[in-house]
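Written out below as structure tokens is the structure these notes cover.
The values are calculated or read from the model by the stated rules, or taken from the named source; none is laboratory data. Not measured: the values here are computed from a predicted model. Cβ sites come from the backbone with ideal geometry, for glycine too, and all protein chains shown count toward neighbours.
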Amino acid sequence: MNKWFVYVITSEEGLTYTGITHNIEKRLAEHNEGRSNYTKRGTNWRIVYREEFETRTEARKREKYFKNNAGKEWLRRRGIL
């Protein structure tokens, strides 16, 4: 069974993006190739944080958390953002 990852990436310009995927390396390459509408505005995307989950449901729940104010604050308190 494939693992699911929640990831947070930042660009050279200071943009931030949070998402989920099965293959984090492939997904990062897609972001850096401009194949995502949101992240095509940035360059040199790099992973600043990731978590691994057994199910898509768990990963999606955590992704939603990181996209709200409480989740962003959690990341800031840990020096990730």
Does Leu81 satisfy the condition of being modelled with pLDDT under 95 and touching a strand residue (DSSP E or B) at 6+ places or on another chain (Cβ under 9 Å)? yes
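Could you say whether any residue in segment 58-75 is surrounded by 12 or more Cβ atoms within 10 Å (Cβ to Cβ), touching a Gly at 6+ places or on another chain (Cβ under 6 Å) and either under 14 Å from Val8 (Cα atoms) or not charged (D, E, K, R) (or both)? Working first, answer last.
Quick first cut of segment 58-75, residues surrounded by 12 or more Cβ atoms within 10 Å (Cβ to Cβ) only: 58-67, 71-72, 74-75.
When the remaining residues are screened for being touching a Gly at 6+ places or on another chain (Cβ under 6 Å), the result is 65.
Next cut, either under 14 Å from Val8 (Cα atoms) or not charged (D, E, K, R) (or both) only: 65.
Yes, the conditions are met somewhere in segment 58-75.
I need a count of the residues in segment 19-57 that are acidic (Asp, Glu) and either within 11 Å of Tyr7 (Cα to Cα) or surrounded by 14 or more Cβ atoms within 10 Å (Cβ to Cβ) (or both).
We begin by selecting, within segment 19-57, every residue acidic (Asp, Glu); these are 25, 30, 33, 51-52, 54.
Those left that are additionally either within 11 Å of Tyr7 (Cα to Cα) or surrounded by 14 or more Cβ atoms within 10 Å (Cβ to Cβ) (or both): 25, 30, 51-52.
Adding up the residues that qualify gives 4.
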Counting only residues that are free of Cβ contacts under 8 Å to residues at least 60 places away in the same chain and of a type in the set (S, T, N, Q), which one in segment 1-18 is surrounded by the most Cβ atoms within 10 Å (Cβ to Cβ)? Thr18
